[in-house]
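The values are calculated or read from the model by the stated rules, or taken from the named source; none is laboratory data. Remember, it's a predicted structure, so these values are computed and weren't measured experimentally. Virtual Cβ from ideal backbone geometry, glycine too; neighbours counted across all protein chains shown.
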Amino acid sequence: MKISNFREALRHIPAIHVLIQDPSMEAFAALMGRNTVLTSLRRGTEQLKASILSDPEYYRNHKIETSEDLFDHLMDLVLSLLEKQRLFALQPVINATGVVLHTNLGRAPLSQETLKQVMEVSTGYSNLEYDLDFGKRGSRYDHMEELLCRLTGAEAAMVVNNNAGAVFLCLNTFAKDKEVIVSRGEQVEIGGSFRVPEIIKESGCILKEVGTTNKTKCSDYEEAITENTSILLKVHTSNYKIIGFTSSVSLAEISIPEDRADILCMEDLGSGCLTDLSLFDLPREKTPMDSLKEGADLVTFSGDKLLGGAQAGIILGKRSLVEKIKKNHLARILRCDKMTIAALHSVLQIYDASEDPVSQIPSLTMLCEKIEVLEAKAKRLRQRVEEAGIESAALELLDVEEEAGGGSLPGVVLQGKAVALVSQTISPDDLRNRLRRSLNPIVCRISEDRVLFHVRTIREEEFDIIATELKKCWEAKP
């Protein structure tokens, strides 16, 4: 039956009991269950109704001329929903944004060698908390302590499941109901509303602010010390930078009264870097080794930022302090699982054994990539997309500015290369949405009506996928 207006389109949307009898739906019902298929049918029908109501020309734009066309269009929507339900909720994504440590996309990618070690540990049993030498219960903290101490020079170390947890645990262990002194210029907020003042409050400590937003002096800390002071906390501003009329002090510069040797100096480094990035024309980031040399009693940092490993919070410090933290009952709540330990241990082994860890840790390789390498890579991606035979699309290479992301290297602009695509038939927003919703999701950027694919964060083996998904976008119904 012919459809001549949007009201007729709405009226001819088939009922659910009719749709479920379609052979393709019966096949999916046998594979995934009838209730799953019914849910997708209802969602698809609701989406179609909403699209037609919001755009009376929807049926014309999608070449829906008859009730049969409408049925086929609805079935395509439902099949797409069902295909996505067959996938795991957590899917691999191609990061074409140029942001290396993209928090929303999982931060640091891991190497194949690291994944191999994770698989070996996670597909069977392991000595997670078992001492193979003595045949008795062991500690999950032991697996990385020696390695971390060797790499950083710390007396002791432990790992929890994220850096916010590491900061919380240290504060709760040593400063509950006591004062923690922090500069006003270091009361940072990291993504997801992680605010240092809130962490201090929730850990049971009393926040004592000193200095101003742009200037904090040694005397500000020294004059704020009272009988109830427990920790002097320094927080590395790893996701922003204050410039201009500013000053700050290191832990080494702060003078603690001789009769208050019980006051601890703690530094939260945030991104936590174990290599000298200045060797690759990037600013040198403060390292855990620097903090320890300045006299920090405790140092915390993330495992999945500039370190390039799995999500974790790493605590370094004096042995007596770390042992006390391990005994805090909250440590059990924040402990890592075997897969995190395996992944992080593998990455730390690279630092320990390799003379060139940057070339073996994917996120560091991306961060330090030379512009000539990126240009050659962009040319290869452009060639592969051209070979896919996409009509009415122009491709060009662009110079672009990128960032590290993940609350790391604030203010640092990375010079990169991107393949820009301009289409005469698909709008930039529509193309970006189609790529993001494809079975192989691609997250890209739009600039000046062009869809950009930043090659810094695209793996070579992903070029074929990008070309294939772009081809599908052109062949799909509008």
- Message: Taking the conditions exactly as written (charged (D, E, K, R), closer than 29 Å to residue 103 by Cβ and surrounded by fewer than 21 Cβ atoms within 10 Å (Cβ to Cβ)), does residue 260 satisfy them or not?
- Response: no
- Of all residues in the range 270-290, how many are touching a strand residue (DSSP E or B) at 6+ places or on another chain (Cβ under 7 Å) and modelled with pLDDT of 95 or more? 1
- Note on the structure: Residue hits (the range 1-34; acidic (Asp, Glu), modelled with pLDDT of 85 or more and in a helix (DSSP H, G or I)) are 26
- Query: Is it the case that some residue within the range 300-316 is of a type in the set (Ser, Thr, Tyr), on the phi < 0 side of the Ramachandran plot, modelled with pLDDT of 95 or more and in contact with a Leu (Cβ under 8 Å, 6 or more places away or on another chain)?
  - Reply: yes
- Note on the structure: Checked pairs for the range 398-417, first at positive phi, second part of a strand (DSSP E or B), C-beta under 7 Å and 6 or more apart or across chains, list as 407/190; 407/270
- Got a sec? Which of 97, 114, 173 is farther than 27 Å from residue 216 by Cα, in a helix (DSSP H, G or I) and of a type in the set (S, T, N, Q)? 114
- Taking interchain pairs and intrachain pairs at least six residues apart, which have beta carbon atoms under 8 angstrom, with the first residue in the range 64-80 and in a helix (DSSP H, G or I) and the second acidic (Asp, Glu) and at pLDDT below 90? 75/22
- Determine which single condition residue 403 fails, assuming it passes every other condition in (1) in contact with a helix residue (DSSP H, G or I) (Cβ under 8 Å, 6 or more places away or on another chain); (2) modelled with pLDDT of 90 or more. (1)
- Looking for whichever is in contact with a Leu (Cβ under 9 Å, 6 or more places away or on another chain) and either within 21 Å of residue 312 (Cβ to Cβ) or assigned to a helix (DSSP H, G or I) (or both) here; the options are 200, 181. Which one fits? 200
- Filter the range 439-450 for residues that are more than 20 Å from the chain's Cα centre (by Cα), closer than 20 Å to residue 375 by Cα and either of a type in the set (Ser, Thr, Tyr) or assigned to a loop (DSSP other than H, G, I, E, B) (or both) and give the result. 447
- Task: Please state which of the following conditions residue 427 fails to meet, knowing it meets all the rest: (1) over 23 Å from residue 383 (Cβ atoms); (2) buried (at least 22 other Cβ atoms within 10 Å of the Cβ).
- Result: (2)
- Query: Does residue 211 fit the bill of being surrounded by 13 or more Cβ atoms within 10 Å (Cβ to Cβ), more than 30 Å from residue 148 (Cα to Cα), of a type outside the set (D, E, K, R) and in contact with a Phe, Trp or Tyr (Cβ under 9 Å, 6 or more places away or on another chain)?
  - Reply: yes
- Message: Scan the range 420-438 and tell me whether some residue there is part of a helix (DSSP H, G or I) and closer than 23 Å to residue 277 by Cβ.
- Response: no
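To keep it simple, each residue is scored yes or no on (1) surrounded by fewer than 24 Cβ atoms within 10 Å (Cβ to Cβ); (2) of a type outside the set (Lys, Arg); (3) under 17 Å from residue 144 (Cα atoms).
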{"position": "295", "(1), (2), (3)": "yes, yes, no"}
{"position": "307", "(1), (2), (3)": "no, yes, yes"}
{"position": "310", "(1), (2), (3)": "no, yes, yes"}
{"position": "314", "(1), (2), (3)": "no, yes, yes"}
{"position": "327", "(1), (2), (3)": "yes, no, no"}
{"position": "336", "(1), (2), (3)": "no, yes, yes"}
{"position": "349", "(1), (2), (3)": "yes, yes, yes"}
{"position": "353", "(1), (2), (3)": "yes, yes, yes"}
{"position": "361", "(1), (2), (3)": "no, yes, no"}
- Query: Taking the range 387-409 as the region of interest, how many residues are buried (at least 16 other Cβ atoms within 10 Å of the Cβ) and either within 13 Å of residue 99 (Cβ to Cβ) or under 19 Å from the mean Cα position of the chain (by Cα) (or both)?
  - Reply: 9
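Out of curiosity, is residue 89 touching a His at 6+ places or on another chain (Cβ under 7 Å) and under 30 Å from residue 465 (Cβ atoms)?
For residue 89, the condition - touching a His at 6+ places or on another chain (Cβ under 7 Å) and under 30 Å from residue 465 (Cβ atoms) - is not met.
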- Message: Being in the same structural domain as residue 457 (by TED's automatic domain parsing), within 16 Å of residue 281 (Cα to Cα) and not in a loop (DSSP other than H, G, I, E, B): is that true of residue 373 here?
- Response: yes
- Any idea which of (1) surrounded by 14 or more Cβ atoms within 10 Å (Cβ to Cβ); (2) touching a strand residue (DSSP E or B) at 6+ places or on another chain (Cβ under 7 Å); (3) not aliphatic (A, V, I, L, M) is the one residue 203 doesn't satisfy? (2)
- Note on the structure: When residue 108 is run through (1) surrounded by fewer than 23 Cβ atoms within 10 Å (Cβ to Cβ); (2) under 30 Å from residue 369 (Cα atoms); (3) touching a helix residue (DSSP H, G or I) at 6+ places or on another chain (Cβ under 7 Å), the failure sits at (1)
- Out of all the residues in the range 165-196, which are under 28 Å from the mean Cα position of the chain (by Cα) and under 22 Å from residue 320 (Cα atoms)? 165, 166, 167, 168, 169, 170, 171, 172
- Task: Scan the range 90-104 for residues that are crowded, with 18+ Cβ neighbours inside 10 Å, of a type outside the set (Val, Ile, Thr) and at negative phi and report the count.
- Result: 4
